[in-house]
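J.: The structure's right below; bear with me while I get my questions together.
A short reminder: the numbers here are calculations on the coordinates, not readings from a lab. Owing to the predicted nature of the structure, the values given are computational and were not obtained by experimental measurement. Positions of Cβ are backbone-derived with ideal geometry, glycine not excepted, and every protein chain shown enters the neighbour counts.
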Amino acid sequence: MITNFLVRRFVKNHEKTGDSNVRQAYGYLGGFIGIFANILLFAGKLLVGLAINSIAVMADAINNLSDAASSVITLVGFKVTNKPADREHPFGHGRIEYISAMIVSFLVILVGFEFIKSSVERVMNPEVVKFDWITIILLSFSIAIKVWLSFFNRKIGRAIGSKAMEATAMDSLSDVITTSVVLLSLILSIWITFPIDGYIGIVVALFIMYSGFNLTKDTLNPLLGEAPEVEFVNDIIKKTLSYEGVIGVHDIIVHNYGPNRCVVSLHAEIPASMDVVSAHDLIDKAEQEISEELGIHLVMHMDPINTDDKVVQKVQQQIVGVLMEFGMELSIHDFRMVGDDNHCNVIFDMVIPHEVAEKDEKKVSKEISEAIKNKYPQFNPIIKIDRSYAILK
């Protein structure tokens, strides 16, 4: 309810999440709310931590300060992300958002490491922690705020497809766990004399570092070039096949240059009998309409397929039958034949699964070629190894 009110109040045209300016406004809202809330929690926890001499509470306070710094980095990231393309960066600056999220994760790990050292020192030299109901109330309030911030950032992150905001949501959720552990340690300190404060500080610091490592993984993947989402790829295939004349799709490659900045290329199969000009018009139309509908830049390559020659179709089915005997997810495309009944070159691209190492590609190709020759001696397979750059289901 509060989240919806803030979005409606501060994000103009909030329903148009595909618009870069609207997306930036969402990022600014999340950043400013994060800065305000975390600085407030940091100040309260630090004062209380110093007052009751608790390293665990002070560690939690510094964690909130690092969260505020993370929100500042997120704000800067959204600002730079919206910078238009230039000569040096023709695809824009969208990946800055991933880099800003990674900086956040490094800060989280650093904070966790520093407080492991402080907590170990407290274990070696324990000090008395003063129990105070004000502290209990403050930590309970902090937990409630962090639960809301987690839902708030997750909702914004999913609305605009932001890895940085979703990372912040995960960080807020981990803060709920760490603060809950600190709260438990203070309550237990009433009945026990064991130096639990230092040990709880270590637990909190480990949670902080674990959160940082998870954030690093989530932000590193898109920078390294992770596979696109299955639903996204299937949507592209479905829309491409919806055009009359397109009979198949293969060689789909998705390049991610940041949120809402995708360059997609694919091969669209069309009947070889189709007039060249008509086929070109069809591909142009599909490129333009799908690009506008999905908010991507789509480039299609036209692959003519012989759909009239029954002999070619029969041989292709025979080759596919041989491939199925290998028990792997193998597929072929760009199939063609050159020769006669006595000796015929069967030429095709074969897509092999990523489970097959690159060093074993030639071995697999040779085994399949020999299997085809053994079953059909008149065929001479000429195989080009291909890889799939998208997960299809």
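J.: What whole-number distance in Å separates the alpha-carbon centres of segment 1-35 and segment 259-324?
T.: So the two Cα centres are separated by 39 Å.
J.: Which trypsin sites (Lys or Arg not before Pro) in segment 110-210 sit in a loop by DSSP (not H, G, I, E or B) and have at most 13 other Cβ atoms within 10 Å of their own Cβ?
T.: On the way: sites: Lys117, Arg122, Lys130, Lys146, Arg154, Lys155, Arg158, Lys163; in loops: Lys130.
For trypsin sites (Lys or Arg not before Pro) across segment 110-210 that sit outside H, G, I, E and B with at most 13 neighbouring Cβ atoms in 10 Å, the list reads Lys130.
J.: Which of the listed residues, Ile39, Thr74, Ala167, is farthest toward the dipole's positive end in the chain, when Lys, Arg count +1 and Asp, Glu count -1 at the beta-carbon?
T.: It is Ile39, whose Cα lies furthest towards the positive end.
J.: May I pose another question? Relative contact order, percent, of the chain when contacts are C-alpha pairs under 8 Å separated by at least 6 residues?
T.: Details: 608 pairs, mean separation 52.0, N = 393.
Relative contact order, the chain: 13 percent.
J.: So if each residue of separation counts as 0.36 nm, and I subtract the Cα-Cα distance between Glu367 and Val299, what length gain in nm does that give?
T.: Values: separation 68, 0.36 × 68 = 24.48 nm, distance 3.47 nm.
Here the segment from Glu367 to Val299 would lengthen by 21.0 nm.
J.: What ranking, highest mean first, results for peptides 350-361, 298-309 when packing means the other Cβ atoms within 10 Å averaged over each residue? Walk me through the intermediate numbers first.
T.: On the way: 350-361: 13.6, 298-309: 15.6.
Answer by packing, highest mean first, reads 298-309, 350-361.
J.: Given the convex hull of the Cα atoms of segment 2-224, what is a quarter of its surface area in nm²? Intermediate results must be reported in sequence, preceding the final value.
T.: Values: hull surface 49.1 nm².
Here the figure is 12.3 nm², rounded to one decimal.
J.: How far is it, in nm, from the label point at Val351 to the one at Ala227 when both lie 7 Å from their Cα along the line to the Cβ?
T.: 1.1
J.: While we're on this one: Express the relative contact order of segment 243-318 as a whole percentage, based on alpha carbon pairs under 8 Å and six or more residues apart in sequence. Each step should come with its number before you reach the end.
T.: Numbers: 106 pairs, mean separation 24.3, N = 76.
The value is 32 percent.
J.: To continue, here is another question. P(r) for segment 227-306, please, calculated from all Cα pair distances in 5 Å bins and given in %.
T.: Calculated over all Cα pairs of segment 227-306, the distribution is 3, 15, 30, 26, 14, 8, 3, 1 percent.
J.: Next question, about the same structure. Rounded to whole Å and sorted largest first, what semi-axes of the equivalent ellipsoid does the C-alpha gyration tensor of segment 250-387 yield via the square root of 5 times each eigenvalue? Working shown, then result.
T.: On the way: eigenvalues 203, 94, 18 Å².
Rounded to whole Å, the semi-axes are 32, 22, 10.
J.: Rounded to two decimals, what is the ratio between the C-alpha radius of gyration of segment 309-393 and 2.2 N^0.38 Å? Provide the component values of the computation, followed by the final result.
T.: Values: Rg = 12.8 Å, N = 85, 2.2 N^0.38 = 11.9 Å.
Working it through for segment 309-393, the quotient is 1.08.
J.: Note down the Stokes-Einstein diffusion coefficient of the chain in µm²/s, whole number, using a Kirkwood radius over alpha carbon pairs, 25 °C, and 0.890 mPa s. Don't skip to the end; give the middle numbers.
T.: Numbers: Rh = 25.1 Å.
Translational diffusion coefficient: 98 µm²/s.
J.: Given the options Val233, Asn380, Asn342, identify the residue whose Cα lies farthest towards the positive end of the charge dipole of the chain (+1 on Cβ of Lys, Arg; -1 on Cβ of Asp, Glu).
T.: Farthest towards the positive pole: Val233.
J.: Using a ≥ b ≥ c from the Cα gyration tensor of segment 1-87 (square roots of the eigenvalues), is it rounded, prolate or oblate, where a/c under 1.5 gives rounded and otherwise the larger of a/b and b/c decides, a/b for prolate? Present the calculation step by step, with values, prior to reporting the outcome.
T.: Details: a/c = 5.09, a/b = 2.02, b/c = 2.52.
Because a/c hits 1.5 or more and a/b fails to exceed b/c, segment 1-87 counts as oblate.
J.: A follow-up question, please. For Lys359, what is the net charge nearby, where nearby means another residue's Cβ is under 15 Å from its Cβ and Lys, Arg count +1, Asp, Glu -1?
T.: Numbers: positive: Lys362, Lys363, Lys366, Arg387; negative: Glu355, Glu358, Asp360, Glu361, Glu367.
Cβ neighbours under 15 Å give a net charge of -1.
J.: Points 7 angstrom from Cα along the Cβ direction at Phe326 and Leu220: gap in nanometres?
T.: Using points 7 Å along Cα→Cβ, the separation is 3.2 nm.
J.: Only bridges with both residues in the chain count here: give the DSSP antiparallel percent, nearest 5. Walk me through the numbers before you get to the answer.
T.: Numbers: 14 of 32 bridges.
So the antiparallel bridges in the chain amount to around 45 percent.
J.: Next up: What number, in percent, do you get for the relative contact order of segment 309-393 if the mean sequence gap of Cα pairs under 8 Å and at least 6 apart is divided by its residue count? Mind dumping the intermediate values first?
T.: On the way: 105 pairs, mean separation 24.4, N = 85.
After rounding, I find 29 percent.
J.: Then there is this: According to a simple spin-label model (label point 7 Å from Cα along Cα-to-Cβ), what is the distance in nm between Trp148 and Ser242?
T.: My value for the distance between the label points is 4.1 nm.
J.: Using θ = phi - 60° and the Karplus form 6.51 cos²θ - 1.76 cosθ + 1.60, what ³J(HN,Hα) does each residue of segment 311-317 get, whole Hz, x for Gly and Pro?
T.: Rounded to whole hertz, the list is 5, 4, 5, 5, 5, 4, 5.
J.: Based only on other Cβ atoms within 10 Å, what is the fewest-to-most ordering of Asp175, Asp251, Asp60? Walk me through the numbers on the way to the answer.
T.: Values: Asp175 27, Asp251 19, Asp60 30.
Placing the least packed residue first, the sequence is Asp251, Asp175, Asp60.
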